[in-house]
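Presented below is the structure to which this report refers.
The values are calculated or read from the model by the stated rules, or taken from the named source; none is laboratory data. All figures in this text were calculated on a predicted structure; none of them were measured in a lab. All Cβ positions, even for glycine, are placed from backbone atoms using ideal geometry, and neighbour counts span all protein chains on display. These area figures cover heavy atoms from the full protein model, side chains too; ligands, DNA and RNA do not enter into them. Shrake-Rupley method; radii C 1.70, N 1.55, O 1.52, S 1.80 Å.
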Amino acid sequence: MIETRGLTKRHGPTAAVDGLSFDVWPGAVTGFLGPNGSGKSTTMRMIMGLDRPDAGTARIGGRPYGALGWPLREVGALLEARTFHPGRSAYQHLAALAAANGIRRSRVDEVLDTVGLTGVARRRAGTFSLGMAQRLGIAGALLGDPAVLLFDEPVNGLDPEGVRWIRNLMKSLAADGRTVLLSSHLISEMALTADHLVVIGQGRLLADTSVAELTAGGRALEEAFFELTGDSAAYRGTDAPPAAERGRL
Ligand SMILES: Nc1ncnc2c1ncn2[C@@H]1O[C@H](COP(=O)(O)OP(=O)(O)OP(=O)(O)O)[C@@H](O)[C@H]1O
């Protein structure tokens, strides 16, 4: 499981994450929702030991990331798509990760197959489209067969087949008894994929509840999300294009 307690990260005067405490349980997909800039990525980076909290703790299976013996075998994460060397092939990238983490080489072919990249495994990963890069990142997360998985916007750039594939993959990882934390702005997808939701705004916890509870009485998840986050959206556009452009249309 994942546990955060009083997790806080400041960038200058603003707190990107502000005293955040929540648990992510095994055997379920937990959706991580919040408006742009609400602190989701920063929280995930602190869980993965990539950002140091100013206060509070994040633990994976009871230990901070830095205390994990073979991190990739205990927790896998897709945080940014293009974290590979562009000159390496997908196969080489995963084989290097496997070697560095004491993972058997044959596992590379298995995860390439899972993410559908077997046919392009020898191509330079630098030539991959965004969706292909996302698939490679997911392969890296799955490589160590970890019990805990974090995915930050995994459907970003994926085609409709890929979106459905992600949905089913998340569900089957949870059905295996793994802990799955998934961020996405696609609320309709979240409604289909997640069992539980952690909703944040301006770095603070707004809700920690089941999807069933939020959508009780037939309420759409999107509606519940706007009710929860209404006051905390930092960036809001308008429907009308700027006047000069409108004149030209
Ligand atoms: N390295 C950084 N330096 C300064 N500010 C940062 C840094 N990283 C994040 N922030 C700020 O922290 C806040 C939270 O950002 P974060 O990326 O965690 O939000 P998010 O919920 O993942 O957003 P999005 O949905 O847009 O991806 C934002 O105000 C952002 O500008």
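Before moving on, here are some points about what is shown:
- Per-residue ellipticity at 222 nm from helix content only, as computed over the chain with -39500 (n - 2.57) for each DSSP H run of at least four residues, stands at -10000 deg cm²/dmol.
- Coordinate range along principal axes, alpha carbons of the stretch 113-166, Å, largest first: 30, 24, 17
- Residue 113 versus residue 127: modelled label distance in nm, points set 7 Å from Cα along the beta carbon direction: 2.5 nm
- When +1 charges are put on Lys and Arg Cβ atoms and -1 charges on Asp and Glu Cβ atoms, the dipole computed for the stretch 100-150 relative to its Cα centre reaches about 240 debye.
- Placing +1 on the Cβ of every Lys and Arg and -1 on the Cβ of every Asp and Glu, with nothing else charged, gives the chain a dipole about its Cα centre of roughly 980 debye.
- Shape call, the stretch 66-174: gyration tensor on alpha carbons, a/c limit 1.5: oblate
- Ranked by the mean number of other Cβ atoms within 10 Å of their residues, highest first, the peptides 201-214, 119-132, 148-161 come out as 148-161, 201-214, 119-132.
- Listed residue (130, 92, 174) projecting farthest to the positive dipole end of the chain, Cβ model: 92
- Full-extension gain in nm, residue 238 to residue 213, via 0.36 nm per residue minus C-alpha separation: 5.9 nm
- Sites residue 100 and residue 52 - FRET efficiency at Förster radius 25 Å, r taken between beta-carbons, to 0.05: 0.65
- Where the stretch 52-164 is the region considered: accessible area per residue in Å², 1.4 Å probe: 47 Å²
- Treating each Cα of the stretch 82-145 as an identical point scatterer and summing with the Debye formula, the log10 of I(q)/I(0) at q = 0.14, 0.17, 0.24 Å⁻¹ comes to -0.30, -0.46, -0.94.
- Protein accessible area in the stretch 82-145, 1.4 Å probe - carbon and sulfur %: 50 percent
- Comparing 151, 1, 116 along the charge dipole axis of the chain, the residue lying farthest to the positive side is 116, per the Cβ-charge model.
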